[in-house]
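Here is the structure we will look at.
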Amino acid sequence: MRKKANKGFNECLPGKDMSMGLAKKILEGDIQAAARLLNCIEDEVQGTNEELKELYPYTGKAYVVGLTGSAGVGKSTLINVFIKDLRKKGLTVGVIVIDPTSPFTGGAILGDRLRMQGHSLDQEVFIRSVATRGWKGGLSKATIGMIHVMDALGKDIILVETVGTGQGEIEVSKISDACVIILSPGAGDEVQMMKAGILEVADIFVVNKADKEGAAEVKLKLEGMIYSRSLAASSTLSEWKPKVILTNALGDKGIEELTESVFEHRNFLTATGELEKRRQERARTELMDTIKNSVEKHIYQATSKDAYLEELVNKVASREVDPYTAASKILRTFTPIVMN
Ligand SMILES: Nc1nc2c(ncn2[C@@H]2O[C@H](COP(=O)(O)OP(=O)(O)OP(=O)(O)O)[C@@H](O)[C@H]2O)c(=O)[nH]1
Ligand SMILES: [Mg+2]
């Protein structure tokens, strides 16, 4: 049986794990090494980037699907049966469950694990839950790193579960090839609340809990919105029109249709060159985020105890200097910034 990953800061110290070559082991398919590197990413351990650098040339093969929706719509339950279907088709699967809960409600992660525990003995399914609290680098940085690890480990498809909060949908769409938005009937009029930005990033809509009353209405409403949007945007035939699928994750219904839609969408993206464009954009986002994080970290470390910074803070507070001029002054002292 697979051993539980040991978590802890010492596990990831450069002098220990890093010199043991986690990347090399991951490329050989070592699940425990992958679990340890994921810990390092989560804890923002020094030296993690060295491992990720080594892995990067071997990534880009996995297909990344983001699944998002309000709390309790059935994302984890759906992912559980989705994994089953993907495994039936011979695909290996990585799952990253992002839990934005407060430090006091770690229970959601436990719930997610429980709902997916049917795959715990399957070596070809790698599930990782992660809490976002305390992440300084933001959702995308850590998640992209984790995607790279699972990709390098050889997973064919990587599913990323996030709770949709308006911004969540947009964030997940930036890091995935396909964005699946999940709704359920009886959770208030979510369709009405759906913002234009969310409609734009959705590739597939899932109306889960189809065993409950009102699911067909939600589907109709969504289709109406998609239709109106396509009229308003005078979209062309070469544009993907989001699908709306009814599922009953608990009863394992509608899942094959979801898998088919994901594949159909993928074929569409490949044929139209859109997949390449999306990945190009993802690379741009990752590069810009990395620059932003590195500059921020560098400046923060160099100035946190700096008298000059304090002096500028005081001047900004007293309106002697505006923050824009103060920022330029600081930035100028760091040019050129030497990054490691
Ligand atoms: N009736 C019905 N219940 C469902 C269905 N899918 C999930 N549920 C139930 O809905 C509840 C929430 O399911 P989860 O899979 O944890 O939902 P989630 O969206 O992952 O929740 P969070 O991760 O907390 O945001 C559980 O009690 C599930 O058993 C479905 O298709 N029909
Ligand atoms: Mg969940």
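Read through the list (1) at positive phi; (2) without any contact (Cβ under 8 Å) to a residue 12 or more places away in the chain; (3) of a type outside the set (Asp, Glu); (4) in the same structural domain as residue 198 (by TED's automatic domain parsing), then give the number of the only condition that residue 254 fails.
(2)
Before we move on, is residue 159 within 16 Å of ligand 2 (Cβ to nearest atom), at pLDDT 95 or above and crowded, with 20+ Cβ neighbours inside 10 Å?
Answer is yes for this residue.
Can you find, within segment 56-78, the residue that is farthest from ligand 1 (Cβ to nearest atom) among those that are in a loop (DSSP other than H, G, I, E, B) and over 24 Å from residue 267 (Cα atoms)? Before you say what the answer is, go through the steps one by one.
Step one: list which residues in segment 56-78 are in a loop (DSSP other than H, G, I, E, B), which gives 59-62, 70-74.
Now narrow it down to the ones that are over 24 Å from residue 267 (Cα atoms): 70-74.
Details: 70: 7, 71: 4, 72: 5, 73: 5, 74: 3 Å.
The qualifying residue farthest from ligand 1 (Cβ to nearest atom) is 70.
In segment 270-292, how many are free of Cβ contacts under 8 Å to residues at least 60 places away in the same chain, more than 28 Å from residue 334 (Cα to Cα) and not hydroxyl-bearing (Ser, Thr, Tyr)?
6
For segment 289-300, check the following and say yes or no: at least one residue is of a type in the set (A, V, I, L, M, F, W, C) and under 24 Å from the mean Cα position of the chain (by Cα).
Scanning segment 289-300 turns up at least one residue that is of a type in the set (A, V, I, L, M, F, W, C) and under 24 Å from the mean Cα position of the chain (by Cα).
Would it be correct to say that residue 195 is away from ligand 1 (no atom under 16 Å from the Cβ), modelled with pLDDT of 80 or more and out of contact with any strand residue (DSSP E or B) (no Cβ under 7 Å at 6 or more places or on another chain)?
No.
Report every pair of residues separated by at least 6 positions or lying on different chains whose Cβ atoms are under 8 Å apart, first residue within segment 57-79 and aliphatic (A, V, I, L, M), second part of a loop (DSSP other than H, G, I, E, B) and away from ligand 1 (no atom under 14 Å from the Cβ).
Taking only residues 6 or more apart or on different chains, the pairs are 62/155; 62/156; 64/176; 64/177; 65/176; 65/177.
Is it true that residue 273 is under 24 Å from the mean Cα position of the chain (by Cα) and open to solvent by less than 70 Å² (accessible area, probe 1.4 Å)? Working first, answer last.
On the way: under 24 Å from the mean Cα position of the chain (by Cα): yes; open to solvent by less than 70 Å² (accessible area, probe 1.4 Å): yes.
So residue 273 fits the description; yes.
Go through segment 225-261 and report how many residues are open to solvent by less than 30 Å² (accessible area, probe 1.4 Å) and modelled with pLDDT of 90 or more.
11
Test residue 99 against the stated conditions and say whether it is modelled with pLDDT under 85 and buried (at least 19 other Cβ atoms within 10 Å of the Cβ).
Values: modelled with pLDDT under 85: yes; buried (at least 19 other Cβ atoms within 10 Å of the Cβ): yes.
Here the answer is yes, as residue 99 does meet what is asked.
Please determine whether any residue of segment 124-143 is more than 16 Å from ligand 1 (Cβ to nearest atom), modelled with pLDDT under 95, open to solvent by 40 Å² or more (accessible area, probe 1.4 Å) and part of a helix (DSSP H, G or I).
Scanning segment 124-143 turns up at least one residue that is more than 16 Å from ligand 1 (Cβ to nearest atom), modelled with pLDDT under 95, open to solvent by 40 Å² or more (accessible area, probe 1.4 Å) and part of a helix (DSSP H, G or I).
Can you name every residue in segment 242-252 that is within 8 Å of ligand 1 (Cβ to nearest atom) and not hydrophobic (A, V, I, L, M, F, W, C)? Please lay out each step first, then the result.
Pass one, segment 242-252, residues within 8 Å of ligand 1 (Cβ to nearest atom): 247-251.
Listed by number, the residues that qualify are 247, 248, 251.
Sort through 62, 71 and tell me the only one that's farther than 17 Å from residue 119 by Cα and more than 16 Å from ligand 2 (Cβ to nearest atom).
Just a single option satisfies the conditions, and that option is 62.
The values are calculated or read from the model by the stated rules, or taken from the named source; none is laboratory data. Please read these numbers as outputs of a predicted model, since none were measured by experiment. Positions of Cβ are generated from backbone atoms using ideal geometry, with glycine treated the same way; all protein chains shown enter the neighbour counts. Heavy atoms of the whole protein, side chains included, go into the accessibility calculation; ligands, DNA and RNA do not. Shrake-Rupley method; radii C 1.70, N 1.55, O 1.52, S 1.80 Å.
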